[in-house]
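Colleague: Before I ask anything, let me first share the structure, which is written out below as structure tokens.
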Amino acid sequence: MKEMLTATRMATVLACPRKHYWRYEVGLHAVTDGMALRFGTAWHATMEGRWQGLAPEDALLAAVKDQTFDEITVATLVGLLGAYYARYADAEVVKELHAEVEFRLPLAGSRTFDAAGKIDGLGVLQDGRLALVEHKTCGTDIASDSDYWLRLRFNQQVYQYVLAARALGWDVQLAIYDVTRKPAIRQKQGETASEFGDRLAADAKERPEFYFARREVPILDQDLAEFEVQRLALSKQILFFRAAARSARRPEHGWPRNCGEMTCKCCEFERFCMANVSVDVGNPPAGFRVGAANPELAGM
């Protein structure tokens, strides 16, 4: 069976080939995901529930029932969620949503990889158009003139999903980006988590344009064509690094390290990778385990 080439895998090899080696060649994973990652996953789940018509408390319960969060994270979710519901109370743009649509399709030009992934949401809009629905959290400016939106114009994940959706019979022509900015305020000394959540909700309701943005972005055929060229090039780059690893003294040496503050400070492998420590796959470093490269797609 062919390997799966996901949007996350492509982004990883672009950011740092060595990180790709640890994650996708070795299958190394942190035993516990970072709180920031779990917050993003939980927020995405609340949005899925909201767009399927759940009340705020039910959407939140569906998001956190199988995870453990600290009090301040739960308060942050509660505060933002209440403000989000208030912001878009009369702005129902999707009348039907198909969430978590998995796909695995042949990748033209590759004998090694299939294009694979899980589409966040396929939506039928109120006017009948078909769209990808993408929920995102970020820590940067999301104003209409922010370059955040320019960066989203070439979003590999969205193009991967659009091509898959069309192959599955959905003539998707646009993406709806539903973006939430992470709080700029922090818990004050002596303030309880509940009090912080209330203060955050009030701030987000007072400044909704700071915290929330929703935008339609058309999908251009020329951008899709560019993505297809780059996707195939990345698949070949993986094979190139893999071949280099076979002749290296240590296999990871065939995968270059992109050492930089922005690359490394958020990488779960920084502690041992920056020290260039050899890893025994049979006895992984403390806090790590070896498993499937794409556990979220393990059934495919």
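The values are calculated or read from the model by the stated rules, or taken from the named source; none is laboratory data. Remember, predicted model here, so these are calculated numbers, not experimental data. Every residue, glycine among them, receives a Cβ derived from its backbone with ideal geometry; neighbour counts consider all protein chains shown.
Colleague: For the list (1) among the aliphatic types (A, V, I, L, M); (2) exposed (fewer than 15 other Cβ atoms within 10 Å of the Cβ); (3) part of a loop (DSSP other than H, G, I, E, B), I need the number of the one condition that residue 142 fails.
Modeller: (2)
Colleague: Also, quick follow-up: Confirm whether residue 227 is more than 22 Å from residue 8 (Cα to Cα), hydrophobic (A, V, I, L, M, F, W, C) and in a helix (DSSP H, G or I). Write out each step before concluding.
Modeller: On the way: more than 22 Å from residue 8 (Cα to Cα): no; hydrophobic (A, V, I, L, M, F, W, C): yes; in a helix (DSSP H, G or I): yes.
Judged against the criteria, residue 227 is not a match.
Colleague: Is segment 236-243 home to any residue that is surrounded by 15 or more Cβ atoms within 10 Å (Cβ to Cβ), in contact with a Phe, Trp or Tyr (Cβ under 6 Å, 6 or more places away or on another chain), more than 30 Å from residue 93 (Cα to Cα) and modelled with pLDDT of 90 or more?
Modeller: Yes; the residues of segment 236-243 include at least one that is surrounded by 15 or more Cβ atoms within 10 Å (Cβ to Cβ), in contact with a Phe, Trp or Tyr (Cβ under 6 Å, 6 or more places away or on another chain), more than 30 Å from residue 93 (Cα to Cα) and modelled with pLDDT of 90 or more.
Colleague: Scan segment 244-273 for residues that are touching a Gly at 6+ places or on another chain (Cβ under 6 Å) and either surrounded by 16 or more Cβ atoms within 10 Å (Cβ to Cβ) or assigned to a helix (DSSP H, G or I) (or both) and jot them down. So that I can check it myself, show each step before the final result.
Modeller: The first filter runs over segment 244-273 and keeps only residues touching a Gly at 6+ places or on another chain (Cβ under 6 Å), leaving 244-245, 248.
Those that are touching a Gly at 6+ places or on another chain (Cβ under 6 Å) and either surrounded by 16 or more Cβ atoms within 10 Å (Cβ to Cβ) or assigned to a helix (DSSP H, G or I) (or both): 244, 245.
Colleague: Considering only residues that are in a loop (DSSP other than H, G, I, E, B), in contact (Cβ under 8 Å) with a residue 40 or more places away in the chain, among the hydrophobic types (A, V, I, L, M, F, W, C) and over 30 Å from residue 4 (Cβ atoms), which ones fall in segment 64-113?
Modeller: The answer is 91, 93.
Colleague: Here are some residues: 61, 14. Which one is on the phi < 0 side of the Ramachandran plot, within 16 Å of the chain's Cα centre (by Cα) and either surrounded by fewer than 17 Cβ atoms within 10 Å (Cβ to Cβ) or touching a residue at least 24 places away in the same chain (Cβ under 8 Å) (or both)? Reasoning before the result, please.
Modeller: Details: 61 fails: within 16 Å of the chain's Cα centre (by Cα).
Sole residue among the options that is on the phi < 0 side of the Ramachandran plot, within 16 Å of the chain's Cα centre (by Cα) and either surrounded by fewer than 17 Cβ atoms within 10 Å (Cβ to Cβ) or touching a residue at least 24 places away in the same chain (Cβ under 8 Å) (or both): 14.
Colleague: Among the residues of segment 117-131, which ones are more than 14 Å from the chain's Cα centre (by Cα) and part of a strand (DSSP E or B)? Working first, answer last.
Modeller: So the first thing to find is which residues in segment 117-131 are more than 14 Å from the chain's Cα centre (by Cα), and the list is 122-131.
The answer is 122, 123, 124, 125, 130, 131.
Colleague: Quick one: in segment 270-294, of everything that is in contact with a Pro (Cβ under 9 Å, 6 or more places away or on another chain) and either within 20 Å of residue 10 (Cβ to Cβ) or aliphatic (A, V, I, L, M) (or both), which residue is modelled with the highest pLDDT?
Modeller: Only one residue tops the list, namely 290.
Colleague: Where residues in segment 209-235 are buried (at least 17 other Cβ atoms within 10 Å of the Cβ) and of a type in the set (Val, Ile, Thr), which of them is nearest to residue 44 (Cα to Cα)?
Modeller: Applying the filter and picking the extreme gives 217.
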